[in-house]
Amino acid sequence: MIVLQREKPNNLMLLESILRRLPLEDYEYEHYKNIYITTKHGFEGEVRVDREWGEIIVPSNHYLFHNYETENEVNHSHQIDTIFICRNFILLLEIKNIGGQIDFDQKKHQFIRTRLDGTREGFSNPINQIERHVRFFKRMIWNWNIALPVEYAIILAQPTTIIGDVPSEIAIFHVSGLQTHIYHLFSKYNYNQISDQELECVKKKLLEMRKPKEWDVNVDRNKLRTGAQCKRCLYKFVMEYKHGQFVCPVCKTKTKESLYEALLDYRNLHDVWISNSEFRNYLNIESRYAAKRLIIDLKLEYRGFRKDRKYKIPRNILAKFEKRP
């Protein structure tokens, strides 16, 4: 059973908003674009591994937590790609979507990728990352008086990745090996370590401890473009609000999707809450009554009264648009 679905991560959404709003000629544009490409690539690898779970027949009650985030005792964050819990064991997964050949230098704690052209580059060591999570989880379940083994594995999402020198005692394999690894762990721990009640307790405590990281970037908000932007024109032009619709001055596209996307960008880059006057200024709408009609149509949660009223922009506002009749 999936307890925590994998959603597009907050840092990826933030980067998408920056790239829509930052002028192409800005000196920081390529910097954020490169970060975005790397982040998106990692997310795609995680989604690819998630699909593998659909073919795994688990012989006991179990729970899956995707992209689980929390903090430890000293408020340092832990982001775990996938957590699998059952009555026999806990499995933590670190997922890497990296091509070429990978090697691990144990003495230097270095993770190296060699591309097909022979160029080499270093990455943060996923072994150190996942072992840090394991130590934290062992402390947690010890404090909960839960006797459950904690296992871990590093999964490579790209089937063409060549696994070079890696420590033999650490489970590192391609995504196609996940099913076999799960069955191996059930053979290793072939009896229930905890009761159903204790398993439910672990699930509940993990949900209570969940604390998604707040992402931000040090970008000058004053240079970010405002307005509803034309997706068809690759966000190069700001749409005009005319007679209840947003219209692109170049391709003449009429759509409300640009409104929803603009509000998502406002949420990611400025604030979750927006007032009528902020709504008008951001979207270049002159009439406060026209803005009010749009806001009412959006059916947003609000707080405050009259001039002090503010409206909450939900994280899934684009999904709300897609579900509209």
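Looking only at the stretch 273-293, residues that are in a loop (DSSP other than H, G, I, E, B) and open to solvent by less than 40 Å² (accessible area, probe 1.4 Å) come to 1 in all.
Looking only at the stretch 55-101, count every residue that is touching a Gly at 6+ places or on another chain (Cβ under 6 Å), in a strand (DSSP E or B) and of a type outside the set (Val, Ile, Thr) and tell me the total. Residues that pass the stated criteria total 1.
Scanning the stretch 165-189 for residues that are among the β-branched types (Val, Ile, Thr) and assigned to a loop (DSSP other than H, G, I, E, B), we see that the one that is most open to solvent (accessible area, probe 1.4 Å) is VAL166. Selection over the stretch 115-131 of residues that are farther than 30 Å from PHE84 by Cα, open to solvent by less than 70 Å² (accessible area, probe 1.4 Å) and either in a strand (DSSP E or B) or of a type in the set (Lys, Arg) (or both) gives a count of 1. In the stretch 8-63, the residue that is farthest from GLN79 (Cα to Cα) out of those that are of a type in the set (S, T, N, Q) and open to solvent by less than 80 Å² (accessible area, probe 1.4 Å) is SER60. Please tell me if LYS96 is under 15 Å from the mean Cα position of the chain (by Cα) and open to solvent by 40 Å² or more (accessible area, probe 1.4 Å). The answer is no for LYS96. Within the stretch 202-209, at least one residue is without any contact (Cβ under 8 Å) to a residue 12 or more places away in the chain and either charged (D, E, K, R) or at negative phi (or both).
Among the residues making up the stretch 233-258, those that are more than 25 Å from the chain's Cα centre (by Cα), surrounded by fewer than 16 Cβ atoms within 10 Å (Cβ to Cβ), part of a loop (DSSP other than H, G, I, E, B) and not small (Gly, Ala, Ser) are CYS233, LYS236, HIS243, PRO249, VAL250, CYS251, LYS252.
PHE111 passes every criterion in (1) modelled with pLDDT of 90 or more; (2) open to solvent by less than 10 Å² (accessible area, probe 1.4 Å) apart from (1). Among the residues of the stretch 31-72, those that are without any contact (Cβ under 8 Å) to a residue 60 or more places away in the chain and among the small types (Gly, Ala, Ser) comprise GLY42, GLY54. Confirm whether SER287 is under 30 Å from LYS213 (Cα atoms) and among the polar types (S, T, N, Q). Judged against the criteria, SER287 is not a match.
Here is a check on your reading of the model: is VAL219 within 26 Å of the chain's Cα centre (by Cα), surrounded by 15 or more Cβ atoms within 10 Å (Cβ to Cβ) and assigned to a loop (DSSP other than H, G, I, E, B)? For VAL219, the condition - within 26 Å of the chain's Cα centre (by Cα), surrounded by 15 or more Cβ atoms within 10 Å (Cβ to Cβ) and assigned to a loop (DSSP other than H, G, I, E, B) - is met.
Listed here are the residues, each with its yes/no results for (1) without any contact (Cβ under 8 Å) to a residue 60 or more places away in the chain; (2) assigned to a loop (DSSP other than H, G, I, E, B); (3) open to solvent by 40 Å² or more (accessible area, probe 1.4 Å).
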residue: LYS138; (1), (2), (3): yes, no, yes
residue: ILE146; (1), (2), (3): yes, yes, no
residue: TYR191; (1), (2), (3): no, yes, yes
residue: PRO212; (1), (2), (3): no, yes, yes
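Looking only at the stretch 297-305, decide whether some residue is more than 27 Å from the chain's Cα centre (by Cα) and either crowded, with 20+ Cβ neighbours inside 10 Å or among the β-branched types (Val, Ile, Thr) (or both). There is no residue in the stretch 297-305 that is more than 27 Å from the chain's Cα centre (by Cα) and either crowded, with 20+ Cβ neighbours inside 10 Å or among the β-branched types (Val, Ile, Thr) (or both).
The values are calculated or read from the model by the stated rules, or taken from the named source; none is laboratory data. This is a predicted model, so every value here is computed, not measured. Glycine gets a Cβ as well: all are built from the backbone with ideal geometry, and neighbour counts include every protein chain shown. Side chains are part of the model used for accessible areas, which takes the heavy atoms of the whole protein and leaves out ligands, DNA and RNA. Shrake-Rupley method; radii C 1.70, N 1.55, O 1.52, S 1.80 Å.
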